[in-house]
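Have a look at the structure below before the remarks.
The values are calculated or read from the model by the stated rules, or taken from the named source; none is laboratory data. Bear in mind that the values here come from a model prediction, so they are computed numbers and not experimental data. Heads up, the Cβs are rebuilt from the backbone with ideal geometry, glycines too, and the neighbour counts pull from every protein chain shown.
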Amino acid sequence: MFTRRTALGLTLCAASLAWSAQALADINCQFSVTNVGTDTSGDLVVGFGGTDWYLCNLSGSVSVNNGYGINTVTSAQCSGIFAQFLTARASGQPITLSFHGPANCAAASLPANGTWPNPYPTFFWF
């Protein structure tokens with residue numbers, strides 16, 4: 001049975017969820033891919049105009065923290081990520097990375113140059 005008490009409870013629950021989602025929202029940052037390659041250990045290194053990040057390993061799995069928890073990126077997934085960044089580089093199209101945690105897309109808020117991003121991007125697309 002739907003009552004005023006039920007309606008109030010649902011409204012408060014919805015408002016709470018909306019606030020939580022807003023507080024933990026991802027940010028989307030757009031970058032031009034300036035270089036894509038691998039190092040001697042098979043790590044995929046992607047450059048964004050002066051910032052290089054390790055994203056995965058073509059030879060094995062790596063564990064990364066995307067801000068929601070620890071996830072594993074397999075070598076098969078890394079091959080797909082590699083192809084996506086190669087396509088972005090070859091086409092000149094910018095690529096968007098979604099992060100959970102940084103305040104904004106300014107360099108000071110994003111992962112440091114030459115590191116495994118933490119938080120790791122949650123999505124890539126162009």
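Checked against (1) surrounded by fewer than 15 Cβ atoms within 10 Å (Cβ to Cβ); (2) at pLDDT below 90, Asn66 meets all criteria but (1). Scanning the stretch 71-102 for residues that are among the aliphatic types (A, V, I, L, M) and in a helix (DSSP H, G or I) returns Ala76, Ile81, Ala83, Leu86, Ala88, Ala90. Take Ser109 and decide whether it is out of contact with any strand residue (DSSP E or B) (no Cβ under 7 Å at 6 or more places or on another chain), at pLDDT below 85 and of a type in the set (Ser, Thr, Tyr). For Ser109, the condition - out of contact with any strand residue (DSSP E or B) (no Cβ under 7 Å at 6 or more places or on another chain), at pLDDT below 85 and of a type in the set (Ser, Thr, Tyr) - is met. Restricting the stretch 39-56 to residues that are without any contact (Cβ under 8 Å) to a residue 40 or more places away in the chain and not hydrophobic (A, V, I, L, M, F, W, C), the residue that is nearest to Val73 (Cα to Cα) is Asp43.
Quick check on the stretch 23-43. Is at least one of its residues over 24 Å from Ile95 (Cβ atoms), out of contact with any strand residue (DSSP E or B) (no Cβ under 8 Å at 6 or more places or on another chain), surrounded by fewer than 14 Cβ atoms within 10 Å (Cβ to Cβ) and at pLDDT below 90? Yes, there is a match, as at least one residue in the stretch 23-43 is over 24 Å from Ile95 (Cβ atoms), out of contact with any strand residue (DSSP E or B) (no Cβ under 8 Å at 6 or more places or on another chain), surrounded by fewer than 14 Cβ atoms within 10 Å (Cβ to Cβ) and at pLDDT below 90.
So, Tyr68, is that one closer than 17 Å to Asn28 by Cβ, in contact with a Phe, Trp or Tyr (Cβ under 9 Å, 6 or more places away or on another chain) and hydroxyl-bearing (Ser, Thr, Tyr) or not? Here the answer is no, as Tyr68 does not meet what is asked.
So is Ser59 assigned to a loop (DSSP other than H, G, I, E, B), in contact with a Gly (Cβ under 7 Å, 6 or more places away or on another chain), loosely packed, with under 14 Cβ neighbours inside 10 Å and without any contact (Cβ under 8 Å) to a residue 60 or more places away in the chain or not? Judged against the criteria, Ser59 is a match.
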